[in-house]
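Written out below as structure tokens is the structure these notes cover.
The values are calculated or read from the model by the stated rules, or taken from the named source; none is laboratory data. Source: prediction; values computed, not measured. Don't worry about glycine lacking a Cβ; one is built from the backbone with ideal geometry, like all the others, and counts go over all protein chains shown. We work out accessible area using only protein heavy atoms, side chains counted, and drop any ligands, DNA or RNA first. Shrake-Rupley method; radii C 1.70, N 1.55, O 1.52, S 1.80 Å.
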Amino acid sequence: MGMPGFYVSPEQLIQDKADFARKGIARGRALVAARYSGGIVLVAENASSTLRKVSEIYDRIAFGGVGRYNEFDQLRIAGVRHADQKGFVYSREDVDARSLANQYAQIMGQIFTHEMKPMEVEILVAEIGHDPEGDRIFHILYDGTVVDESDYTSLGGDNDAILGRLDETWVPDLDLAAVVKMASDALSGPERSLEAADLEAAILDRSNSRRCFRRIDDEAVTAILSA
Amino acid sequence: MSMPFFTPGNDPGPDFVRLLERTGHSVSSELPGHIDAGHATTVLAVRYGEGVIMAGDRRATSGNFISHRTIEKVFAADRHSGVAIAGAAGPAVEMVKIFQVQLEHYEKVEGQQLSLEGKANQLSGMVRSNLPAAMQGLAVIPIFAGYDVRRGIGRLFQFDVTGGRYEERDHASSGSGSLHASTVVKLGFREGMDAEEAVSLALQALWHAADEDSATGGPDPIRGIYPVVAAITADGFARLEDSAVASAFASITADLTSETN
């Protein structure tokens, strides 16, 4: 695709693409995922109640995306397809987050190196095990880099500051209300405060029998934030 | 297995069966020759005050043989609907499995559930695409029932072998014993029955079907095998415990024996 007469070094090309993707992602609002006593909670700053950033992929797996909506939604649907098809052809228990995260990494890495425009998204694949040791949180960057997170993570704009706040507040075995409050405070920072309408929250709940994904409605989030 | 990733103009949408076809896992059913598979069963659904009761016997036959005593023919399709099957067991169970995944797949891809009528139409398409296999002796004829959360009522759908879909008002049935069962339900049906009355009516219908049709299994207290009975209401699909079905049968037995004495 290079224009005749110009030479751009591979290092420069990668650097430019990465800068472009990071700028796009930084413009959007962030998302936090963290473990709590009953599973994993995902909280995103999202003023829309119909264009979701957090969704169900499979029985014990959730998806989170930040950045360009159409791009991460395309990835979300690919994940649902992969999971449903794998569960149908093999068995429901053969569907796992690690395999999904690797597939996502392949696609995003491929697009980053081979397409004109990299994806301006960061995504998250979370899975709850049958006991807390089986919980998994994978964070996948715009270039296909996969990070295996242990207890909590943050995606999207203002990432460093939000992660810093989570480092200070997260402790093991918090209850659901405490973690939602913590996530909201981490997303807002000290200068702002967020209301339920600004947030989208969902959990993977270990006590649910098969489909563990559940959204927390605005009413419940309001009750938590005002407590 | 690689992740299916489609360009926008080339996308199969929320349809799981089309996705399987596109990725080379097609479930098409063209077969040479004719297999004489048993079509035994009685399954039925009855509308009552809170929703729908579905019930089915547990017997699978192969000619004169009883090939299975504990097969299940009533399944949850999703949270607010159920499907019961009659016909060739293998293709029928496979159809239910695809149907269940299809409803959940649509819900996840689209972010909302299909309407109850949309679900019935999906099942209709699956029965229709099974027609070549049906011509060769492997027919599957399900009934579909659910609680319509948008309208707040229980609804029932019956099908024919070509995928024809017929909404019934009060009750639906399928299988070799369905004629006997539906007569019992027709005579005993009353508007606004409670759960206990509807379960009792469904079990009486199954008992009479088993009494007349050798391919329908009756209650088997010696082995502790009872029909599968499920209630679908605003709270969702709930299968009754075997012990509850056993005690409902005990009171039916008491009524029947006092009548014959």
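Odds and ends about this structure:
- Estimated 222 nm signal from helices in the protein assembly as shown, with DSSP H stretches of n ≥ 4 weighted -39500 (n - 2.57), rounded to 500: -12500 deg cm²/dmol
- For B:H105, B:H25, the ranking by accessible surface with the largest value first comes to B:H25, B:H105, using a 1.4 Å probe.
- With all protein chains in place and a 1.4 Å probe, the accessible surface of chain A carries 51 percent carbon and sulfur.
- The orientation-averaged projection of the convex hull spanning the C-alpha atoms of the protein assembly as shown amounts to 28.8 square nanometres.
- Residues of segment A:95-125 that bury at least 30 Å² of accessible area when the other protein chains are present, relative to the chain alone (probe 1.4 Å, heavy atoms, ligands and nucleic acids excluded): A:Q103, A:I107.
- Accessible area (Å², per residue) of segment A:1-112, counting only protein heavy atoms and a probe of 1.4 Å: 46
- At least 20 Å² of accessible area lost relative to the chain alone, listed for segment A:39-87 with a 1.4 Å probe: A:E56, A:Q74, A:R76, A:I77, A:A78, A:V80, A:R81, A:H82, A:D84, A:Q85
- For trypsin sites (Lys or Arg not before Pro), the sites in segment B:82-151 that DSSP calls loop and that have at most 13 other Cβ atoms within 10 Å are B:R150, B:R151.
- Here the dipole of chain A is about 660 debye; that uses its Cα centre as origin and unit charges on the Cβ of Lys and Arg (positive) and Asp and Glu (negative).
- The coefficient of translational diffusion for chain B, derived via Stokes-Einstein from the alpha carbon Kirkwood radius under 37 °C and 0.692 mPa s, stands at 173 µm²/s.
- For the segment B:98-105, counting C-beta atoms of other chains within 10 Å of every residue's C-beta and taking the mean gives 3.
- Taken over segment B:91-174, the percentage of Cα pairs per 5 Å bin, counting from 0 up to the bin with the maximum distance, is 3, 15, 24, 24, 19, 11, 4, 1, 0.
- The protein assembly as shown: antiparallel DSSP beta bridges as a percent of all, rounded to 5: 100
- Carbon/sulfur fraction of accessible area - segment B:91-140, other protein chains in place, 1.4 Å, %: 49
- Longest exposed-site-free window of chain B, the sites being GluC sites (Glu not before Pro) in a DSSP loop that have at most 13 other C-beta atoms within 10 Å: B:31-190
- For the chain pair B and A, buried accessible area totals roughly 2300 Å², probe 1.4 Å, rounded to the nearest 100.
- When GluC sites (Glu not before Pro) are flagged only if DSSP places them in a loop and at most 16 other Cβ atoms lie within 10 Å, the longest unflagged stretch of chain A comes out as A:1-114.
- DSSP-assigned coil residues among trypsin sites (Lys or Arg not before Pro) in segment B:168-261, each with at most 14 further Cβ atoms within 10 Å: B:R169, B:R190, B:R223
- Global geometry of segment B:142-220, whether rounded, prolate or oblate, following the gyration tensor of its Cα atoms and the 1.5 cut on a/c: oblate
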